[in-house]
Structures are given as C-alpha cells and as structure tokens.
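Heads up, the thing below is written out as structure tokens.
The values are calculated or read from the model by the stated rules, or taken from the named source; none is laboratory data. Worth saying up front: this structure is predicted, and the values here are computed from it rather than measured. When we count neighbours, we look across all protein chains shown, and the Cβ atoms used for this are built from the backbone with ideal geometry, even at glycine.
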Amino acid sequence: MAQNVLIVTAHPRSGSLTFAVTERFKQGLLDAGHSAEVLDLHRSGFDPVLREEDEPDWSNGSKKYSAEAEAEMERMRRHDALAYIFPIWWYGLPAMLKGYIDRVWNYGFAYGASKLPHQRVLWIGLAAATQEQLRKRGFDEMIGHQLNVGLAHYSGIAESRLEILYDTLSSDQAYMEKLLDDAHELGVHYDQWHAEHAARFKVGTEI
Ligand SMILES: Cc1cc2nc3c(=O)[nH]c(=O)nc-3n(C[C@H](O)[C@H](O)[C@H](O)COP(=O)(O)O)c2cc1C
C-alpha cells in the first residue's frame with residue numbers, strides 16, 4: 001500500500017553521506033510508488049533544546065506546546081509512516097535528533113492518553129564502525145532496543161526497525177556505492193516489513 005512517509009534527517013553538512021543516503025532512500029520510496037517529504041533539521045533551523053514551554057504538564061495531557069513543537073506535531077500527523085536518518089554519534093542519536101524527539105514526541109501526543117497514529121518507523125543509522133565491532137559489545141542491540149522499544153513501542157508504533165549502514169568512512173568506492181544502493185533498496189522495500197519485527201515489537205506485548 002502506498003505510504004506517505006516523513007523522512008527526518010539530521011546532519012550538519014548537506015554534502016554528507018547521511019544526506020546522500022537520505023536522497024537515495026527517498027528515491028527508492030518514490031520508485032516504489034510512495035510519497036515522501038524530507039525534514040532537514042539543521043537547514044530548517046530547528047531548535048533541539050527542550051525549554052520550559054515544551055516540558056510536559058503531567059496533570060494535563062492536552063497541553064499546548066511551543067509553536068515550533070506544535071507545527072512539527074502537525075507535520076507528523078500529515079504522514080502515515082516515518083523514517084529517521086542520522087549518523088550514530090556516541091552509540092546513539094545525534095543531539096539534534098534527540099532534541100527533536102524530546103520536543104515533538106511529547107506527552108499527550110506521542111505517549112500518555114494519546115499515542116502516535118503511525119503504523120511504521122524505519123531508523124537508518126550510519127556508523128563508522130563495522131558490523132563486527134558494534135556487535136562485539138552489543139551496541140547494535142542496545143541502539144535498536146532504545147529506538148524500537150523505548151521510543152516506537154512506547155509511543156504506539158506497531159512496526160519499528162533499525163537498519164545500520166556500517167563502515168561509513170571506508171575509502172573503498174565500490175563499497176560506498178553498494179551502501180548507497182542499499183539505502184535505495186530500503187526505500188523500495190519500505191513496506192515489505194519482516195514478520196519477526198512486526199511480531200517482536202507489536203503494540204501490547206510486554207517490554
Ligand atoms: C561526535 C561523533 C560521535 C561519533 N560516534 C560514533 C559511534 O559511537 N560509533 C560509530 O561507529 N561511529 C561514530 N562516529 C562516526 C560517524 O558515525 C561517521 O562519521 C558517520 O557515520 C559518517 O557519515 P557522515 O559523512 O554522513 O557524517 C561519530 C562521529 C562523531 C562526529
């Protein structure tokens with residue numbers, strides 16, 4: 001089924017590999033008949049610091065947040081699926097994207113009485129480390145657990161998956177082309193979700 005996907009991307013440099021991956025992923029979505037909008041957090045001037053006006057009021061699940069946070073919630077409501085593309089920094093989200101989540105996936109919208117309406121989220125993280133290096137210390141599981149369970153499952157998204165693109169500082173041209181082809185494939189196959197992911201992170205299962 002054709003999906004209208006919001007792609008949120010976070011990188012200080014628009015010539016970065018993260019941006020090339022974003023472009024190829026978006027093209028893959030379009031090639032498969034989906035539609036997509038890219039939110040470029042750095043170029044849009046998004047402020048990632050959660051200030052007092054965006055702090056949840058635990059006694060009021062319908063609090064009005066800052067205009068910027070409310071506008072981004074509205075942008076999310078206009079899409080039925082999500083993708084986040086980011087470099088892995090210190091084994092987690094870069095501060096820009098973490099701050100966006102803090103402010104926009106807010107109480108009463110993403111969690112609490114009301115949850116996110118989206119069916120699916122794909123997280124695409126870029127890592128300088130190899131798969132073996134990340135796996136050796138369980139970092140791939142750790143990052144996936146935070147994003148799939150801590151964020152997506154908690155916020156009512158039934159299908160959440162992390163794909164890591166490894167070895168991003170490689171000087172091997174053929175490898176880098178393959179990496180970009182993989183990003184395109186992730187877009188093309190966006191709605192061919194693995195059954196095990198759907199089962200594992202199904203809403204309602206115990207965390
Ligand atoms: C502040 C910072 C922290 C980083 N932390 C990690 C890390 O924890 N694990 C890792 O594999 N790479 C790490 N890296 C490397 C980035 O993931 C790498 O530079 C990026 O994937 C390359 O893509 P880009 O050109 O789009 O930035 C870090 C880079 C920076 C600048």
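Any residue that is outside any helix (DSSP H, G or I) and surrounded by fewer than 13 Cβ atoms within 10 Å (Cβ to Cβ) - is there at least one of those in the range 95-116? It would help to see each step written out before you state the result.
The first filter runs over the range 95-116 and keeps only residues outside any helix (DSSP H, G or I), leaving 105-116.
After this cut, where a residue has to be surrounded by fewer than 13 Cβ atoms within 10 Å (Cβ to Cβ) as well, the list is 113.
Yes, the range 95-116 contains at least one residue that is outside any helix (DSSP H, G or I) and surrounded by fewer than 13 Cβ atoms within 10 Å (Cβ to Cβ).
Looking only at the range 55-65, which residues are under 28 Å from D40 (Cβ atoms) and exposed (fewer than 12 other Cβ atoms within 10 Å of the Cβ)? Explain how you work it out, then say what you get.
Let us first name the residues in the range 55-65 that are under 28 Å from D40 (Cβ atoms), namely 55-56, 63-65.
K64, the sole residue that qualifies.
State which residue pairs qualify: first residue more than 15 Å from the ligand (Cβ to nearest atom) and inside the range 167-184, second residue polar (S, T, N, Q) and part of a helix (DSSP H, G or I) in any location, beta carbons under 7 Å apart, and separation of 6 or more residues or different chains. Filtered contacts from the range 167-184: H184/Q27.
Restricting to the range 14-44, name every residue that is within 14 Å of the ligand (Cβ to nearest atom) and either among the small types (G, A, S) or assigned to a strand (DSSP E or B) (or both). Break it down into steps so the answer makes sense when it comes.
From the range 14-44, those within 14 Å of the ligand (Cβ to nearest atom) are 14-25, 40-42; that's our starting set.
Passing the criteria: S14, G15, S16, A20, D40.
Mind listing just one residue for me: the one in the range 166-188 that is among the aliphatic types (A, V, I, L, M) and more than 30 Å from N106 (Cβ to Cβ) and, of those, surrounded by the most Cβ atoms within 10 Å (Cβ to Cβ)?
As a first pass, look at the range 166-188 and keep what is among the aliphatic types (A, V, I, L, M): 169, 174, 176, 179-180, 183, 186, 188.
This time we only want the ones that are more than 30 Å from N106 (Cβ to Cβ), so: 169, 174, 176, 179-180, 188.
Numbers: L169: 10, A174: 8, M176: 16, L179: 20, L180: 17, V188: 17.
Within the range 166-188, the match that is surrounded by the most Cβ atoms within 10 Å (Cβ to Cβ) is L179.
Scanning the range 45-94 for residues that are assigned to a helix (DSSP H, G or I), under 30 Å from L30 (Cα atoms) and touching a residue at least 24 places away in the same chain (Cβ under 8 Å) yields E68, A69, E72, M73, R75, M76, R77. Of the residues in the range 94-116, none is among the acidic types (D, E), under 22 Å from H184 (Cα atoms) and either away from the ligand (no atom under 11 Å from the Cβ) or at pLDDT 95 or above (or both).
So in the range 8-18, with the set limited to residues that are touching a residue at least 12 places away in the same chain (Cβ under 8 Å) and of a type outside the set (G, A, S), which one is surrounded by the fewest Cβ atoms within 10 Å (Cβ to Cβ)?
From the range 8-18, those touching a residue at least 12 places away in the same chain (Cβ under 8 Å) are 8-12, 14, 16-18; that's our starting set.
From what is left, the residues that are of a type outside the set (G, A, S) are 8-9, 11-12, 17-18.
Working: V8: 26, T9: 26, H11: 23, P12: 12, L17: 18, T18: 22.
Per the stated criteria, the residue is P12.
Being within 16 Å of the ligand (Cβ to nearest atom) and either buried (at least 20 other Cβ atoms within 10 Å of the Cβ) or among the aliphatic types (A, V, I, L, M) (or both), is that true of even one residue in the range 66-83? Yes, the conditions are met somewhere in the range 66-83. Being part of a helix (DSSP H, G or I), crowded, with 20+ Cβ neighbours inside 10 Å and touching a helix residue (DSSP H, G or I) at 6+ places or on another chain (Cβ under 9 Å) is the filter here, so list the residues in the range 117-165 that pass it. Listed by number, the residues that qualify are L134, D140, I143, N148, L151. For the range 149-166, what are the residues that are touching a residue at least 12 places away in the same chain (Cβ under 8 Å) and away from the ligand (no atom under 16 Å from the Cβ)? Listed by number, the residues that qualify are V149, L151, A152, H153, Y154, S155, G156, I157, A158, E159, S160, R161.
Of the set (1) more than 18 Å from the chain's Cα centre (by Cα); (2) within 16 Å of the ligand (Cβ to nearest atom), all apply to D57 but (2).
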